[in-house]
Amino acid sequence: MNAKKRSWIDLVWDFFASLKLTIFLLIMLAATSIIGTLIQQNRTSEEYLQVYGEKVYRLFDMLQVFDMYHSWWFLSLLGAISLNLLTCSFKRLPRVWKAVAVPVTEADEGLFQTLSNSRQLRVDLPAEEVGRRLEQLLSARFARPLVTRKAGRLYLFAQKGGWSRFGVYATHLSILLIFIGAIIGNLWGFKAYVNIEEGTSTSRVWPAGSREPIDLGFAVRCDDFNVSYYDGSDRPREFMSILDVIDGGREVISDRKIIVNDPLSYNGITFYQSSYGQAGSPRLKMRVKVRATGEALDLTVAEGAHVPLPGGGSFAVSGYSPSYGDFGPAVEMHVNTPDGQHGKPFVVLQRFPDFDEKRGGDFSFALVDFQEKMYTGLQVKKDPGVWVVWFGCLLMVMGSIVAFGFSHRRLWATIEAGSSHSLVHFGGSAHRNQPAFTLFFDELSQRLDETLEGETSSATLETLS
């Protein structure tokens, strides 16, 4: 007889429900993720041209390799995995649902032969009495059984942990939620950067790899920026920004301090402390003492500017450091002669205002104070799918615990009345962790022997082969 010809719908269904397709798609996802890790994403065209050259750059740009997590082919790959996962789940779900919701409650000889844990007993007790005692045992040690009487036989069925079969589907759903959250974040989220000088505000940020800014719909102002250094070095120990959020002309967040790993979030957008830098030259307050007269002059100067001195000369600060070794803030400077010749450079330390007195010359200098205007570098992220991803992760943990930590255990008993005895078929199975269920079944069988022997001294048991 010729096999029934399958429709194209069946062929498509079986294709997407194929385990081979699952393995292939997972390999492709891993391979493309490696590409996204090796090739830095969302850099400028100039950086890519410098690294790869024009031909490779054009090829990679056409394939959207430089922004692969937003590319059509990567999103299509996630969609294909999701469809494969849904198809596999729907294909197997009816059978699992039937095993839990509509179980076989009347076990025959064929069913007992398929069970790895089963036994037969010949008991010198009426079938109803055996059924009563077995029902009590199962209710106390396992679960209340369903009792059915049919064609002179007594059937008992009990199950526990049927819901654990659906743990794997919770895990499948969690993967879908993670993919959906990632797709939502890729389509409607962004990752951008912005530098804000102290005392200024901005309402626009610049996404990575793009020249077009994004309007936030509100403004962020940097009130202050502070950085502290490890003693004796220029290595920053901590840097912190104090930010305000202005929305609709109203200050909705005031003096919010952010540091690394402690961001600011508003209206679904998160600002992370990322970098910092000096915004222009610092303003330095210098005290100049004329040795001949003892006169002291307080001057505010900019780095690199030539400042006139009494007598026709001048001085200039050629360098500034907020942490000069273990000595704190310092400037490097030189004094110019009236005819414009540069003198030998020397260092002035803020913590030691009398240090330059020992140098000699017509003037001595001290660094009184400095005003260093800084900018804060912020990484700006919007990910509307992040809560979907977090919920998917939580569901995955719970589903995995249920799927691997619990099992669906079932017990059947068939009691057949004889002329002077009862024949008992007793067996069970678990869909997971068979060794543990075997130990449980052996212990329950021993309790069954004790139950049938304990109350009636004339009862005899024989385990049949």
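No lab work stands behind these numbers, since they all come straight from the coordinates. Remember, it's a predicted structure, so these values are computed and weren't measured experimentally. Cβ coordinates were reconstructed from backbone atoms using ideal geometry, including for glycine residues, and neighbour counts include every protein chain displayed.
A straight Cα-to-Cα reach below 19 Å connects K160 with the aspartates and glutamates E106, E135, D442, E443, residues fewer than 8 places away in its own chain not being considered. Remark: relative contact order (region 174-227) = 30 percent; criterion is Cα-Cα distance under 8 angstrom and separation of 6 or more residues. At full extension, D362 and W72 could sit 97.1 nm farther apart than now, given 0.36 nm per residue minus the alpha carbon distance. Simple spin-label estimate for Y193 and Q371 gives 2.9 nm between the two label positions (7 Å along the Cα-to-Cβ direction from each Cα).
In the chain, the longest principal axis of the Cα atoms and the axis of helix 127-141 are about 10 degrees apart. Listed here are the pairs K20/K191; K98/K150; K285/K358; K257/K382; K289/K344; which of them are more than 26 Å apart at the Cα? Too far apart for the 26 Å limit: K20/K191. When I184, I269 are arranged by Cβ crowding within 10 Å, least crowded first, meaning fewest neighbours, the order is I184, I269. With contributions of -39500 (n - 2.57) from each DSSP H run of at least four residues, the per-residue ellipticity at 222 nm computed over the chain stands at -11500 deg cm²/dmol.
In degrees from 0 to 90, rounded to the nearest 10, what is the angle of the helix 19-38 Cα long axis to the longest principal axis of the chain? Around 10 degrees separate the two axes. Can you work out the FRET efficiency for the pair L93 and R447, with r the C-beta to C-beta distance and R0 = 45 Å, to the nearest 0.05? With R0 = 45 Å, the Cβ-Cβ based efficiency is 0.80. For region 8-72, the relative contact order works out to 32 percent when only alpha carbon pairs closer than 8 Å and six or more residues apart are counted. Solvent-free Debye calculation, one equal scatterer per alpha-carbon of the chain: log10 I(q)/I(0) at 0.07, 0.09, 0.10, 0.12 Å⁻¹ equals -0.69, -0.87, -0.95, -1.11.
The slack between S321 and V100, meaning 0.36 nm per residue of separation minus the straight C-alpha distance, is 72.2 nm.
Using C-alpha pairs below 8 Å separated by at least 6 residues, the relative contact order for the chain is 22 percent. With 0.36 nm allotted per residue and the present C-alpha distance subtracted, the I39-Q113 stretch has 20.8 nm of extension available. Plainly put, region 8-72 has a radius of gyration that is 1.19 times its Kirkwood radius, both from alpha-carbon atoms, as the Rg/Rh ratio.
The simple spin-label model puts a point 7 Å past each Cα toward its Cβ; for A140 and A80 those points are separated by 6.0 nm. Longest span of the chain, sites excluded, free of GluC sites (Glu not before Pro) in DSSP loop with at most 12 other C-beta atoms within 10 Å? Within the chain, the longest run free of exposed GluC sites (Glu not before Pro) spans 1-294.
To the nearest ten degrees, helix 386-405 and the longest principal axis of the Cα atoms of the chain are 40 degrees apart. The charge dipole of region 311-367, taken about its Cα centre with unit charges on the Cβ of Lys, Arg, Asp and Glu (plus for the first two, minus for the last two), comes to roughly 80 debye.
Ranked by how many other Cβ atoms sit within 10 Å of their own Cβ, fewest first, the residues T171, T376 fall in the order T171, T376. Computed from the C-beta positions of W390 and V12, the FRET efficiency with R₀ = 35 Å rounds to 0.55. Model label points for E295 and S419, set 7 angstrom from Cα along the Cα-to-Cβ axis, are 14.0 nm apart.
The K285 and A31 beta-carbon pair, evaluated with R₀ = 45 Å, returns a calculated FRET efficiency of approximately 0.15. Only Lys, Arg, Asp and Glu carry charge here, each on its Cβ (+1 for the first two, -1 for the last two); on that basis the chain has a dipole of about 1960 debye about its Cα centre. Here the alpha carbons of region 279-330 define both size measures, Rg and Dmax, at 12.7, 38 Å.
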